[in-house]
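Read the structure below first, then the notes.
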Amino acid sequence: MDADVIVVGAGLAGLAAAHELTAAGKKVALLDQENAANLGGQAWWSFGGLFFVGSPEQRRARIADSVELAWADWQNSAGFDRLADEDSQAVKWARAYVEFAAGEKRAWLASLGMSWLPFAGWAERGDLRANGHGNSVPRFHITWGTGTGVVAPFAASAVRAAENGLLRLRSRHRVDALIVENGVVTGVRGVLLAPDDAARGVSSNRDVTGDFELRAQAVVVTTGGIGANHDLVREYWPQRLGTPPTTMITGVPAYVDGRMLAIAETAGARLVNRDRMWHYTEGVQNWNPVWPGHGIRILSAPSPMWFDALGRRLPAPYFPSYDTLGTLRHLRTTPEIAGYDHSWFILSQKMIEKEFALSGSEQNPDVTAADRRAFMKERLFGKGAPAPVEAFKQHGADFVVAATLEELVAGMNKLTDQPLLDAAAIRAQVEARDAQIANKVTKDAQIQGIHNSRRYLGDKIGRTSAPHRILDPAAGPLIGVKLHILTRKTLGGIQTDLDSRALDLAGAPLPGLYAAGEVAGFGGGGVHGYNALEGTFLGGCLFSGRNAGRHAARSL
């Protein structure tokens, strides 16, 4: 044996599994096709949002949350409809995860040194139905340190384990096959890739310099999803979401290629819910890209107006921060606009200053550095938009700024192959919206949402601007943002039981094989069902990785 356990993939789920294994005294070989600079994988680049239920941050803001409410939200969002088959394990994982988020999750992570911003964010507000998709209350807790802060204690644990002889990081090892002997997974084989000192996230070479074979008592697969492999995204794009876009931008590094899904299937693991995926409709091209097609998601509060490619305001509930996949479905299935791969925000300078946040650790340097003073100075008391947002406004290819609406629309039309937007039609819609601002009551569903948002102290202080007319010169200039489909997450994958053991086609554990994180649909082959509530991706990596490590350690 080369190790007690081989972990394939040095992202967050793999690090969580390794953390548990080495804490139990087991020897781990941690393999990754990238170099050591990429320790932590996709999670390092994330905003660091975590889903908690009944947290101190919620209670401080007088938000009443509970396992029952969160579980109702989860079920209504997931829409599990394959309970006898592909969802049989996923629904168990979902219930266990909600209980974890309401129970030991926060204390466990706090014991590792994590802490969170004082107010929970209200992500994925849903489809405006009490029994529909979405979070009834704010549950998105941003970690001081963003994704880097979530990765840090687990990366540090791996370094300590390596120093103590319990872990060996084998970078530039690409696994091409799982070794199966007499029905048991006993190791991995693959190729050695040429050394490459590329910076974190930058695409590396795939030059083969040799091969390798390693054996262990168990193998844990934690290699992520398919987000950077647009061919696979299109192959599994579900009919319910219409036609896949001709062009997309990419929210994850190029190494998120989905290779290990087919490799695990060849070894006997069952793949389920391949048609479930999570892509954002508020993507913009990164003006300073790290990986090919690098896109950034705009996390906006509810105020900007959202228009389709033909300049028609999106109907309720397709507002910023509400219903991710519902908006995607509308844009891809409405016949007149399905042939276009973009939509538009129109907003004021006053809105962008308070309401735009950008996904990613590198786009939030104050939070990533856990610099509370800088955060207060820039986000709460600063003038203008946060510096990274302002940089996109100045340099981003998708941003248009103008003093008048006619000038704005003319600039927006220059960003498409043909001028699709009519300034008079857009003016009529913006003026109709602005007319609803005069009173505290309104029939406009989006403005109702703005008022609702500002009833929550966290949004009122730091997230949602006071209602105002978009065409008010004092709130200007006007800003238009061209929005692209941004690939991100795989919601299906290797079916696993609650111990993260990979299951075979008969539904029995495949001896020697575990799977955790996105490659396992974040647990069970699809813990989110059809829709995510946000803050659940990092947490799913942690929970499933921890379960895999603990069970493997007990079983050896």
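A simple packing score, the average count of other Cβ atoms within 10 Å per residue, orders the peptides 112-125, 512-525, 247-260, 30-43 as 512-525, 30-43, 247-260, 112-125, with the highest score first. For the residue pairs Lys92/Lys489; Lys393/Lys482; Lys440/Lys482; Lys105/Lys377; Lys354/Lys440, alpha carbon separations beyond 23 Å are given by Lys440/Lys482; Lys105/Lys377. In degrees between 0 and 90, to the nearest 10, how far off the longest principal axis of the chain does helix 445-454 point, with axes built from Cα atoms? The angle comes out at about 70 degrees. Accessible surface of Lys393, taken over heavy atoms with a 1.4 Å probe and every protein chain present, rounds to 30 Å². The distance separating the Cα centre of segment 99-145 from that of segment 281-347 comes to 24 Å.
On the basis of the beta-carbon distance and an R0 of 30 Å, Leu471 and Ser203 show a calculated FRET efficiency of 0.10. Computed extension length for Gln349-Ala432: 27.9 nm, one decimal, from 0.36 nm per residue of separation with the Cα-Cα distance subtracted. Ordering Leu83, Val67, Ser46 by the projection of their Cα atoms onto the charge dipole of segment 39-88, which places +1 on the Cβ of Lys and Arg and -1 on the Cβ of Asp and Glu, puts Ser46 at the extreme positive end.
Give, rounded to the nearest 20 debye, the magnitude of the charge dipole that the chain has about its Cα centre when Lys and Arg contribute +1 at Cβ and Asp and Glu contribute -1 at Cβ. Numbers along the way, then the final one.
Working: 58 positive and 57 negative charges, 294 e Å.
Using only the charged Cβ atoms, the result is roughly 1420 debye.
The angle between the Cα long axis of helix 90-102 and the main principal axis of the chain comes to about 70°, on a 0 to 90 degree scale.
Here segment 281-486 was treated as a single set of alpha-carbon atoms; its pair distances binned every 5 Å from 0 give 1, 7, 15, 20, 21, 18, 11, 5, 1, 0 percent. Modelled label positions at Val184 and Glu99, each set 7 Å beyond Cα in the direction of Cβ, lie 3.2 nm from each other. Computed from the C-beta positions of Arg168 and Ala397 and an R0 of 35 Å, the FRET efficiency is 0.20 to the nearest 0.05. DSSP beta bridges fully contained in the chain are about 70 percent antiparallel. Extending 7 Å from Cα along the Cβ direction at Lys383 and again at Leu83 yields two label points whose distance is 5.9 nm.
Set the Förster radius R0 to 45 Å, insert the Cβ-Cβ distance between Ala508 and Arg129 as r into 1/(1 + (r/R0)^6), and round the FRET efficiency to 0.05. Write out the running numbers ahead of the final one.
Numbers: r = 39 Å, r/R0 = 0.86.
Between Ala508 and Arg129 the formula returns 0.70.
Ranking of Glu235, Glu213 by solvent-accessible surface, largest first: Glu235, Glu213 (1.4 Å probe, protein heavy atoms only, all chains present). Centre-to-centre separation between the Cα atoms of segment 2-28 and those of segment 350-408: 39 Å. Label sites at Arg62 and Asp417, each approximated as a point 7 angstrom past Cα along Cα to Cβ, lie 5.4 nm apart. Projecting the Cα positions of Ser555, Ala96, Phe307 onto the charge dipole of the chain (unit charges on Cβ atoms of Lys, Arg, Asp and Glu, taken about the Cα centre) puts Ala96 furthest along the positive direction.
The values are calculated or read from the model by the stated rules, or taken from the named source; none is laboratory data. Note that this is a predicted model, so its numbers are computed, not measured. Here the Cβ is made from the backbone with ideal geometry for all residues, glycine too, and neighbour counts use every protein chain on show. Only protein heavy atoms, including side chains, enter the accessible area calculation; ligands, DNA and RNA are left aside. Shrake-Rupley method; radii C 1.70, N 1.55, O 1.52, S 1.80 Å.
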